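The values are calculated or read from the model by the stated rules, or taken from the named source; none is laboratory data. All values reported here derive from a predicted model rather than from experimental measurement. Every residue, glycine among them, receives a Cβ derived from its backbone with ideal geometry; neighbour counts consider all protein chains shown. Side chains are part of the model used for accessible areas, which takes the heavy atoms of the whole protein and leaves out ligands, DNA and RNA. Shrake-Rupley method; radii C 1.70, N 1.55, O 1.52, S 1.80 Å.
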Amino acid sequence: MVWVRGGGSRRPRGIPKIGEFSDGKVMLFKNPGALRRFFLPPDVRVVPAAEVIQAVTEMDDPRTVVLAAEEVGTWRPPPREWAPRVVRIENMVPGRIELRVPPAGEKLLATSLPIPEGWRAFRGDEELETVTVNSAYLGVVVPEKIKRVRLEFTPPGLRAGGVVFLVSLLGVAFSALFFRRRAVGGVS
């Protein structure tokens, strides 16, 4: 959490200060109640897709997540104890995240990664099922005995855009050759 002196907001009380910049106008605070980026929710509500937003706004426990019934069918992860630090980040580079999860039981890996389109989850070479959590975030159905999950991101439309680019490039190259031959052939 960031607080800027003179920024119109009040300085947060009761939240630990992490540090401040040399000018003293910008201070950093830690929000101890914030969820981790990757976690195993203790409870999952499954509702019809048309009711997901309403169910999210009515939640009283941010650790609970909501899934659309049309996306997960009859699958439900078993309830579990809240253990915020059981998901560990092993490696993170742009477009690729490697996580360690507890192997016991089937589970839902919930994230705060927005826009789940473009994200894929793997165990080795095996692709895992992804779902949308709280109508906006990436979730992964993790089968029992899996200890490591790899998340990879490819922007939606990147492959199609690459194909369009290559076809366009070939068209420009063909046109350039065709018109050059006509120009050279017409001069003789």
| note | Expressed in nanometres to one decimal, the distance between label points 7 Å along Cα→Cβ at GLU81 and SER168 is 5.6
| If you take the beta carbon distance between ARG148 and ALA69 as r and set R0 to 41 Å, what does 1/(1 + (r/R0)^6) give as a FRET efficiency, to the nearest 0.05? | 0.90
| task | Leaving ligands, DNA and RNA out of it, work out the accessible area of THR74 with a 1.4 Å probe and give it in Å² to the nearest 10. | result | 130
| note | For segment 69-124 the chymotrypsin sites (Phe, Trp or Tyr not before Pro) that pass both the DSSP coil test and the at-most-16 other-Cβ-within-10 Å test are TRP75, TRP82
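Please state the shape class of segment 70-115: rounded when a/c is under 1.5, otherwise prolate if a/b exceeds b/c and oblate if not, all from the C-alpha gyration tensor.
Since a/c reaches 1.5 but b/c is at least a/b, the shape of segment 70-115 is classed as oblate.
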| request: Kindly provide the trypsin sites (Lys or Arg not before Pro) of segment 80-149 that DSSP labels as loop, not H, G, I, E or B, and whose Cβ sees at most 16 other Cβ atoms within 10 Å. | output: ARG85, LYS145, LYS147
